[in-house]
1. Output yes when any residue across region B:89-104 is within 14 Å of chain A (Cβ to nearest Cβ), more than 14 Å from DNA strand C (Cβ to nearest atom) and in contact (Cβ under 8 Å) with a residue 40 or more places away in the chain, and no when none is.
2. I'd like the residue in region A:25-38 that is within 23 Å of A:T58 (Cβ to Cβ) and facing chain B (nearest Cβ under 8 Å) and, out of all such residues, is nearest to the chain's Cα centre (by Cα).
3. Any residue in region A:56-76 that is touching a Leu at 6+ places or on another chain (Cβ under 9 Å), of a type in the set (G, A, S) and away from DNA strand C (no atom under 12 Å from the Cβ)?
There are 2 protein chains.
Amino acid sequence: MNIQFKKGVLELCVLSLLSRRDYYGYELVENISRFIEISEGTIYPLLRRFRSDGYVTTYLEESQEGPPRKYYKLSKKGREALDELEIEWESFVDGVNDLLRGDFDDKS
Amino acid sequence: MNIQFKKGVLELCVLSLLSRRDYYGYELVENISRFIEISEGTIYPLLRRFRSDGYVTTYLEESQEGPPRKYYKLSKKGREALDELEIEWESFVDGVNDLLRGDFDDKS
DNA sequence: CATACTACCTTATAACGCAAGGTACTAAAA
DNA sequence: TTTTAGTACCTTGCGTTATAAGGTAGTATG
């Protein structure tokens, strides 16, 4: 997979998942990996960024199967960022697809 | 527009345009700008990269309206890169859209 | 001759994903 | 009981790419 495609899109993916329920980091990696390749080294810095930007709050919960899990909960600000990103993503994809299909009058 | 979205996609856009006819750099900026924001500082380094990777060949042509134009012509290797990038782009967008729609069994 | 447009180019900077590493807990296998 | 595997957290350094901001020249117009 083209690494570059992911730039900026992973933000959108993470925010979208968090809009449905709280997730812990490792779980986000597992779920997103079903659709696009992602590594842990990517997700943890991203989540830290989200927290310092006020997009998420966190809380710890113990686990039966390993170390405690740090859950991430979407804030109102994060919700707003998600809404905007979704719109941007859609119009971006539309623009690229129009261009790829050659949907334009070429003045050549 | 989210700058990050563009990473890697501009390559695809440029190769796609060049698959239809030869373009000069300035012209590529004008055409792509109709769909997604792009600046000259982006396109020229990218075109140089394409040339050193053997994706394009170039030739000069004089112009009535300004300095000579450097045209870019897609090579066979560039064509192959385009084909692959198109496939990757499509499956990437599908993956992201599936994730955004929540098209998956969440084992929560 | 000054401005605007065309058309080429370079340099320095910022953002982001990832490989590669590390820590530590639980549970099962050897 | 030691080792291995799986879960779960984390950091550092690196490479790639887009851009802003600048520069050089050519043509044409006022």
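No lab work stands behind these numbers, since they all come straight from the coordinates. For clarity, every value in this text was computed on a predicted model and none was experimentally measured. When we count neighbours, we look across all protein chains shown, and the Cβ atoms used for this are built from the backbone with ideal geometry, even at glycine.
1. Of region B:89-104, the ones within 14 Å of chain A (Cβ to nearest Cβ) are B:89-104.
Okay, now just the ones that are also more than 14 Å from DNA strand C (Cβ to nearest atom), so B:89-91, B:93-94, B:97-98, B:100-104.
Imposing the further condition that a residue be in contact (Cβ under 8 Å) with a residue 40 or more places away in the chain reduces the set to B:89.
Looking for residues that are within 14 Å of chain A (Cβ to nearest Cβ), more than 14 Å from DNA strand C (Cβ to nearest atom) and in contact (Cβ under 8 Å) with a residue 40 or more places away in the chain, one finds at least one in region B:89-104, hence yes.
2. Start the filter on region A:25-38 by keeping residues that are within 23 Å of A:T58 (Cβ to Cβ), which leaves A:25-33, A:38.
Going one step further and asking which of them are facing chain B (nearest Cβ under 8 Å), we end up with A:31-32.
Working: A:N31: 11, A:I32: 9 Å.
That would be A:I32.
3. Keep residues of region A:56-76 that are touching a Leu at 6+ places or on another chain (Cβ under 9 Å), which gives A:56-58, A:68-74.
Next cut, of a type in the set (G, A, S) only: none.
No, that holds for no residue.
Table: residues versus (1) under 26 Å from A:V93 (Cα atoms); (2) out of contact with any Asp or Glu (no Cβ under 9 Å at 6 or more places or on another chain); (3) within 11 Å of DNA strand D (Cβ to nearest atom); (4) within 14 Å of another protein chain (Cβ to nearest Cβ).
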site	(1), (2), (3), (4)
A:I3	yes, no, yes, yes
A:L15	yes, no, no, yes
A:Y23	no, yes, yes, yes
A:E40	no, yes, yes, no
A:L46	yes, no, yes, yes
A:R51	no, yes, yes, no
A:T57	no, yes, no, no
A:S63	no, yes, yes, no
A:G78	yes, no, no, no
